[in-house]
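What follows draws every value from the coordinates through simple rules; no lab data is involved. Keep in mind it's a predicted model, so treat the numbers as computed, not measured. A quick note on method: Cβ atoms are made from the backbone with ideal geometry, for glycine too, and the neighbour counts reach across all protein chains shown.
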Amino acid sequence: MSQTFKFKDEQDLAGFVQERVDPVFITGGQTRGVDLKHDRVDMTGLSGVVDYEPGALTMVAKAGTTLQHIEEVLKAEGQQLAFEPTILNTALGTSGASTIGGVLATNASGPRRIQAGAARDFLLGVRYVDGHGNVIKNGGRVMKNVTGYDIVKLMAGSWGTLGLLSEVSFKVLPMPTAQATLVISGINADVAVDVMSASLNTAFDVTGVAYDIAAQCAYVRLEGFEQSVKYRTKSLIDTLTVDREIAVLENDDSAAAWSSIRMLSAISNQRGDLWKISVRPTDGPQIVQKLGLISGIMDWSGGLIWAKMDAGKTARDILGDIEGHAINLSAKTGLKFSNTNPALAHLQGALREKFDPKGIFNPGLMG
Amino acid sequence: MEMPAPDQFTLSRKAEIVARLRAALPADVVIDDPAETRAYECDALSAYRCPPLAVVLPYSTEEVATALKICNEMNVPVVPRGAGTSLAGGALPTADSVIIGVARMNEVLECDYKNRVIRVQTGRTNLSVTGAVEADDFFYAPDPSSQLACAIAGNIAMNSGGAHCLKYGVTSNNLMGVKLVTMQGDILDIGGSHLDADGLDLLGVICGSEGQLGIVTEATLRILHKPEGALPVLMGFDRNEVAGACVSDIIRAGVLPVAIEFMDRPCIRATEAFAGAGYPDCEALLIVEVEGSDLEIEEQLDKILDIAKTHNPVELRRASDAAEAGRIWLGRKSAFGAMGQINDYMCLDGTIPVSQLPYVLRRISELSAEFGLDVGNVFHAGDGNMHPLILYNANKEGDLEKCEAFGAEILKLCVEVGGCLTGEHGVGIEKRDLMSVQFSALDLEAQMQIKDVFDPKWLLNAAKVFPLDATQSRRDGCPR
């Protein structure tokens, strides 16, 4: 019978790790469906916004604070997490509420990542408990900081394998007051990637470019002040040379379309494993073709493919010489990364051993 | 600034080391004539100089690997070098070290507009990356002020920033992949034209590691389409507090300017005497630049000016064309030169939370009186990155030491208010011994254990970044 440990205080958490000899499974909001068969450390006890300076675009929060709470506090000041965290509950069939620590530890970036950057780009500082049970800090709460090694980036996307994040500081951005989305229907993946690339390669500051494979429909988003969005919508339509009608969704309708893309609504009810494949955008269409996908979302201008595949099948083999990587997010007990290069795998393993010499943090993950 | 004593055994093996490098590399790649190696005795922190044992200037990644492998086998310290523009002493050699410089590797390898990336050799200068794509209306965003001379290799090592980071981020946010040669001579491809890491984000920790984890010979960089235009507005205020509050209000109003630059009175006066940009004689001056089409610029500048007016500015000047924009930027761009006309100066680089600006400026002026040295402040106000310029006389006995002590006090102040020692220049040797002000011994140990993984013998640029006493056992542990 596995036990669950929950701490309200960083020092207590550190004391626990100092004593601990057996592996632990670190959980936040449990929205990812991962289920390692170890005792659990529930991080939601460490919760609350520690510091928020809207005029400096920075926030500090305890890692177990829910994403919803963070987004509400930001919204009250007209600000947001610009990397638009992914929401995978429906696609993975999980309940639970994401925590900011979980979002950053999994580097979970949504559609705006193509323009604004990833979760890791917004993470400014961390406090964490390492495998010795020491509390370590790195980075800070200022936007420009090159003092020492950037362990902050290493922690983002490490899935808890290097340490238990206790506090995070991050950059936030103004929430746009207006938005519009161009919808181009009846195009295949090749044409879609052309349209998305052409849209990004303008002066119009496109903040989202995604393609729904089954609907054969590309979405191009513009955000900002009202007059500016109007001007850029018209300019972009004039610029694009596509042999199809271009429909425009404004404000709430635009937001609804992107909310559905962010939650992967197009495939969330399908059976099978959820795969996430990252390649260069122009390689996207051949991945779709090789996997024989008839549904799925191509986000990030075609460079990020979300698809459901029958359990037991892998998207990894078809990558071959194509640059990139693929991960099965439904693999409950052993989220594996590609690590095809043995020298890189060795470095990653050696780093993990330094941060977690007892090998107790989420063994099985990131193998 | 102390450097470790050179290893006598390594010095005594110079002929053997050079011979092995020569045997494995083309003739003109290895330089050991003291008349020629002298050119590599310092970087832009020129108060500190030391000629290296030898200099290796390879033409290819494979040659870099060959040189590193030999140095690793012979336990010879290596100092990587880009263009030698570091203000922190990042490329300062020791007498027992071999410099490996990437200056001869400056080709564009691939320019891929459809995926918005460019792949270059890292000896290429920052500005010439933009140069390779600007005819097609693209640019590479990070713009350190040394961009005409500095190399991408050094930008990656120091995670360089620039004036436009508020909107576009620093090097780390625009770097997608590297070819890294490890101290053992292994060539690793990390990242690429796709987004995000497979496994741990090694790219993230390599960027900003100051040449201590490997030598980066190729980089995949994100390029962006240029905005339609950009225009600045200049505002003068009679109090620093008010200028600070104005910056905060602009950001809170949802406007994201591409740059917000701040100058204080000593800097304004020096600049005015030097460049005659027509700046008002006031306590604090802001230059705020926004981007977009004419209509978008108008929309943003209207908002900004409305906010500024609520703070009773002593001057508001809105550029309506490129010529006026040029005049507004003239003073700011001449600021360092203007200060240099008055005396020698040391440029600091601490970052502070923007809300602490008035307090920090007041403390700096108090410290200035205490130390008897003048200081002017130029500041990337949007992101809190300060550049206090301390004036001193290099020819006056003890002035440099006094200036360094003053600088250290300012940097401690930055840490005290919740900021950091360096925002974009790097630690190098300059801030190495102040690291324990910002970090505990355990925090530093966590960083040093990363170097243990990449460079177990601590041969790569080892006397930098961390306090010498903290790294001594590791550096001494290397068998000679």
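Please label the shape of the stretch A:92-134 as rounded, prolate or oblate, based on the square roots a ≥ b ≥ c of the eigenvalues of the alpha-carbon gyration tensor (a/c under 1.5 means rounded; beyond that, a/b larger than b/c means prolate, else oblate).
Working: a/c = 3.20, a/b = 1.29, b/c = 2.47.
Note, shape of the stretch A:92-134 comes out oblate.
How much net charge surrounds residue A:248 when only the other residues with a Cβ under 15 Å from the Cβ of residue A:248 are counted, with Lys and Arg +1 and Asp and Glu -1?
Values: positive: A:221, A:230, A:232, A:234, A:244; negative: A:223, A:226, A:238, A:245, A:250, A:252, A:253.
Net local charge, residue A:248 excluded: -2.
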Checklist outcome for this item: Amide H contacts under 5 Å for residue B:176, restricted to residues at least 5 apart in sequence or on another chain and with H modeled in the peptide plane, are B:220, B:221, B:222
Checklist entry - When every alpha-carbon pair in the stretch A:107-233 is counted, what percent end up more than 16 Å apart? => result 69 percent
Checklist entry - Taking the Cα atoms of the protein assembly as shown alone, what are Rg (to one decimal) and Dmax (as a whole number) in Å? => result 26.4, 77
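Taking each pair of distinct Cα atoms in the stretch B:277-358 once, what is the resulting Kirkwood hydrodynamic radius in Å? Intermediate values should be presented prior to the final figure.
On the way: mean 1/r = 0.0656 Å⁻¹.
Mean inverse Cα-Cα distance, inverted, gives 15.3 Å.
Find out how many positive minus negative residues lie around residue B:190, taking Lys and Arg as positive, Asp and Glu as negative, among other residues whose Cβ is under 11 Å from that of residue B:190. Mind showing how you got there, number by number?
Details: positive: B:179; negative: B:189, B:198, B:201, B:218.
Once all neighbours under 11 Å are counted, the net charge is -3.
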Checklist entry - What percent do you get for the relative contact order of chain A when only Cα pairs under 8 Å and 6+ apart count? => result 18 percent
Next on the checklist: Quick check: the distance between the Cα centres of the stretch B:271-335 and the stretch A:219-273, to the nearest angstrom?
Outcome noted: 36 Å
Item to check | Qualifying lysines (Cα of each under 27 Å from Cα of residue B:412; at least 8 residues distant if same chain) | outcome: A:62, A:137, A:144, A:153, A:171, B:396, B:402, B:431, B:451, B:464
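Dividing the alpha-carbon Rg of the stretch B:108-225 by 2.2 N^0.38 Å yields what? Before the final figure, lay out each step's value.
Values: Rg = 13.1 Å, N = 118, 2.2 N^0.38 = 13.5 Å.
For the stretch B:108-225, the normalised Cα radius of gyration comes out at 0.97.
Taking only the Cα atoms of chain B, how large is their convex hull per residue, in Å³? Don't skip to the answer; put the middle values down first.
Details: hull volume 71.0 nm³, N = 480.
For chain B, the hull spanned by Cα atoms encloses 148 Å³ per residue.
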Checklist entry - Over the alpha carbons of the stretch A:27-186, what is the largest minus smallest coordinate on each principal axis, giving the biggest first in Å? => result 53, 39, 27
Checklist entry - Taking Cα centroids, how far is the stretch B:198-256 from the stretch A:89-121 in Å? => result 23 Å
Item to check | Relative contact order (percent, whole number), the stretch A:176-330, Cα cutoff 8 Å, 6+ residue spacing | outcome: 27 percent
Checklist entry - In degrees between 0 and 90, to the nearest 10, how far off the longest principal axis of chain B does helix B:322-342 point, with axes built from Cα atoms? => result 60 degrees
Item to check | Average beta-carbon neighbours from other chains, 10 Å sphere, peptide B:31-43 | outcome: 0
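Return one quarter of the surface area of the convex hull spanned by the alpha-carbon atoms of the stretch A:216-367, equal to its mean projected area, in nm².
On the way: hull surface 50.0 nm².
Quarter of the Cα hull surface area: 12.5 nm².
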Checklist outcome for this item: Taking only the alpha carbons of the stretch B:97-177, the radius of gyration and the largest Cα-Cα distance, Dmax, both in angstrom, are 12.4, 43
Checklist outcome for this item: Across B:343-356, the residue-averaged tally of Cβ atoms belonging to other chains within 10 Å stands at 3
Checklist outcome for this item: With bins of 10 Å, the percent of all Cα-Cα pairs of chain A per bin from 0 is 5, 24, 32, 26, 12, 2, 0
Checklist outcome for this item: For chain B, longest principal axis from Cα atoms; helix B:399-416 axis from its Cα atoms; angle between them, nearest 10 degrees, is 70 degrees
Item to check | Antiparallel bridges, percent of DSSP beta bridges restricted to the protein assembly as shown (to nearest 5) | outcome: 90 percent
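So if the hydrodynamic radius of the stretch B:363-480 is defined as the Kirkwood radius over C-alpha pairs, what does Stokes-Einstein give as its diffusion coefficient at 37 °C and 0.692 mPa s, in µm² per second?
204 µm²/s
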Item to check | Cut-off under 5 Å, modelled amide H: who pairs with residue B:117 long-range | outcome: B:112, B:223
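Within a 10 angstrom radius of the beta carbon, how do B:370, B:110 rank from fewest other beta carbons to most? Don't skip to the end; give the middle numbers.
Working: B:370 10, B:110 13.
Result, fewest neighbours first: B:370, B:110.
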Item to check | Relative contact order [Cα under 8 Å, 6+ residues apart], the stretch B:108-225, whole percent | outcome: 32 percent
Next on the checklist: Counting pairwise Cα distances across the stretch B:343-432, what percent come out greater than 18 angstrom?
Outcome noted: 38 percent
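Under a Cβ-Cβ cut-off of 15 Å, what is the net charge of the residues other than residue B:103 that fall near it, where Lys and Arg count +1 and Asp and Glu count -1?
Details: positive: B:81, B:104, B:124; negative: B:28, B:36, B:43, B:63, B:107, B:218.
Around residue B:103, the charge tally is -3.
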Next on the checklist: Placing one identical point scatterer on every Cα of the stretch B:230-335 and ignoring solvent, what is log10 I(q)/I(0) from the Debye formula at q = 0.10, 0.12 Å⁻¹?
Outcome noted: -0.24, -0.35
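Of A:128, B:113, how do they rank once you tally other Cβ atoms within 10 Å and put the fewest first? Walk me through the intermediate numbers first.
Details: A:128 29, B:113 16.
Least crowded to most crowded, the residues run B:113, A:128.
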Checklist entry - Under 5 Å between amide H atoms, partner at least 5 residues away or on a different chain: which partners does residue A:41 have, H built in plane at 1.01 Å? => result A:5, A:25, A:26, A:27
Next on the checklist: More than 19 angstrom separation, counting every C-alpha pair in the stretch B:34-91; what % is that?
Outcome noted: 35 percent
Checklist entry - How big is the stretch B:1-147 by Rg and Dmax over its Cα atoms, in Å? => result 17.2, 55
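Rounded to the nearest 500 deg cm²/dmol, what is the calculated helix-only ellipticity per residue at 222 nm for chain B, with -39500 (n - 2.57) per DSSP H run of length n ≥ 4? Walk me through the numbers on the way to the answer.
Values: 18 runs with 182 residues, N = 480.
Theoretical 222 nm ellipticity from helices: -11000 deg cm²/dmol.
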Item to check | Cα centroid separation, the stretch B:75-135 to the stretch A:294-315 (Å) | outcome: 37 Å
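Can I get the semi-axes of the stretch A:135-174's equivalent ellipsoid? Compute them from the C-alpha gyration tensor as square roots of 5 times the eigenvalues, in angstrom, largest first.
Details: eigenvalues 65, 34, 18 Å².
Working from the Cα gyration tensor, I get semi-axes of 18, 13, 10 Å.
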Checklist entry - Can you work out ³J(HN,Hα) from phi for every residue in the stretch B:361-369, in order, using Karplus 6.51 cos²θ - 1.76 cosθ + 1.60 and θ = phi - 60°, giving whole Hz and x for Gly and Pro? => result 5, 5, 5, 4, 6, 5, 5, 4, 5
Next on the checklist: I'd like the Karplus ³J(HN,Hα) series for the stretch A:131-136: coefficients 6.51, -1.76, 1.60, θ = phi - 60°, whole numbers in Hz, and an x wherever there's a Gly or Pro.
Outcome noted: x, 7, x, 8, 8, 10
Next on the checklist: For a protection proxy built on the mean count of beta-carbon atoms within 10 angstrom, sort B:405-415, B:272-282, A:294-304 highest first, please.
Outcome noted: A:294-304, B:405-415, B:272-282
